[in-house]
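*Asks:* Can you read through this structure? Questions will come right after.
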Amino acid sequence: MFEFLKHRPKSAIPTFAPLGTDIHCHLLPGVDDGSKSNEESLACLQVMRDAGFENVICTPHYQYPRFPNEETDILNRFDTLKIDIAAAKQKNIPNLTGVAGEYRVDTGFPARIENNRFLLVGGKYVLVEFSLHQQVIGLDQVMFDLQMKNYEIILAHPERYPYYSGTSSKLQHLKDMGINFQVNILSLSGFYGESPKRKAFEMIEKGWVEFMGTDMHNTLYAQALIDATHDRKIIKLMEKHKFLNSHVNDPEPLKTKKL
Ligand SMILES: [Fe+2]
């Protein structure tokens with residue numbers, strides 16, 4: 001008789017309210033492998049608000065040659081998205097408080113550092129990602145060069161790189177260099193598999209993780225985020241650990257840093 005309840009879709013609960021701001025998502029439509037339309041972005045944003053996020057910073061991929069995004073174009077598209085979303089008069093969505101980037105450390109990265117071509121999270125942080133397949137050659141030098149330009153660094157989803165274990169000495173070295181880590185919320189629920197899940201919990205327990213992010217791409221991720229808000233282990237972890245997400249909120253669209 002209660003069979004229908006088994007299949008009734010769950011709603012998100014505000015498990016991630018303590019974070020306040022999501023610092024990593026791909027909801028600027030049509031610029032990378034994330035959202036494909038304003039409608040898809042809106043659907044994801046509604047789930048994120050229900051999950052507890054008040055603010056969202058969009059971080060499209062910059063990766064040569066797959067996503068050859070350019071900062072001025074991204075800023076313009078972000079302004080357009082905000083206008084379109086305001087016109088949709090949708091209640092219960094987070095504020096779009098900034099646009100930055102998830103910068104792949106690839107062959108074009110040193111020139112980017114040289115020319116200060118970054119949109120920053122919170123006006124301060126460069127969000128970087130590595131290849132999922134192979135370690136970056138000369139990584140220390142690249143990170144050092146960024147720091148010499150006074151950028152703070154956040155490494156996106158360290159738990160997802162298969163060549164680093166959860167307690168890798170290479171990751172320890174990055175922590176020793178002062179690099180911040182951002183774990184994906186969906187890693188905690190096993191969305192990317194068992195190994196990233198185990199490593200995500202290990203890194204947080206070790207005190208290595210300053211930030212959490214949704215890395216939201218589309219409605220498949222949104223459904224997984226709904227499920228994550230009901231996960232007891234994740235609820236407990238959110239109650240126990242403090243993260244710095246709310247410190248990066250910035251009311252104005254972010255500008256390319258000029259030094
Ligand atoms: Fe991402």
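Taken together, the values in this text are just the output of simple stated rules run on the coordinates, not laboratory data. Keep in mind the model is a prediction, meaning the values are calculated, not measured. We place every Cβ from the backbone using ideal geometry, glycine too, and count neighbours over all the protein chains shown.
*Asks:* Give, rounded to the nearest 20 debye, the magnitude of the charge dipole that the chain has about its Cα centre when Lys and Arg contribute +1 at Cβ and Asp and Glu contribute -1 at Cβ. Each step should come with its number before you reach the end.
*Replies:* Working: 30 positive and 32 negative charges, 101 e Å.
Here the size comes out at about 480 debye.
*Asks:* How many percent of Cα pairs in the chain exceed 27 Å?
*Replies:* Values: 11302 of 33411 pairs.
Distances greater than 27 Å cover 34 percent of the Cα pairs.
*Asks:* Out of GLN135, ASN150, ASN218, whose Cα points farthest toward the positive end of the dipole of the chain (charges: +1 Lys, Arg; -1 Asp, Glu; placed on Cβ)?
*Replies:* The residue sitting most towards the positive pole is ASN218.
*Asks:* A further question on this structure: Kirkwood Rh over alpha-carbon pairs of region 43-179, then Stokes-Einstein at 25 °C and 0.890 mPa s: what D in µm² s⁻¹, rounded to an integer? The partial results should precede the final answer.
*Replies:* Details: Rh = 16.5 Å.
The Stokes-Einstein estimate is 149 µm²/s.
*Asks:* Here is a further query. Tell me which aspartates and glutamates have Cα within less than 14 Å of LYS199's Cα, excluding those fewer than 8 residues away on the same chain?
*Replies:* GLU159
*Asks:* How big is region 1-82 in terms of Cα radius of gyration and Dmax, in angstroms?
*Replies:* Cα only, region 1-82: 16.0, 57 Å (Rg, Dmax).
*Asks:* May I ask which of LYS36/LYS197; LYS89/LYS242; LYS124/LYS170 have a Cα-Cα span longer than 31 Å here? Kindly include the intermediate steps, with their values, before the conclusion.
*Replies:* Working: LYS36/LYS197 27 Å; LYS89/LYS242 33 Å; LYS124/LYS170 24 Å.
Beyond 31 Å between Cα atoms: LYS89/LYS242.
*Asks:* Next question. Counting only helical runs of four or more DSSP H residues, what would the 222 nm mean residue ellipticity of the chain come to if each run contributes -39,500 (n - 2.57) and the total is spread over all its residues? Provide the component values of the computation, followed by the final result.
*Replies:* Numbers: 10 runs with 95 residues, N = 259.
Helices in the chain give a 222 nm mean residue ellipticity of -10500 deg cm²/dmol.
*Asks:* Please report the relative contact order for region 20-242, taking Cα pairs under 8 Å with a sequence separation of at least 6, and give it as a percent rounded to a whole number.
*Replies:* Working: 371 pairs, mean separation 47.2, N = 223.
This gives 21 percent for region 20-242.
*Asks:* Run down the aspartates and glutamates and flag those whose C-alpha is under 20 Å from the C-alpha of LYS91, throwing out any fewer than 8 positions away in its chain.
*Replies:* ASP22, GLU39, GLU40, ASP50, GLU54, ASP79
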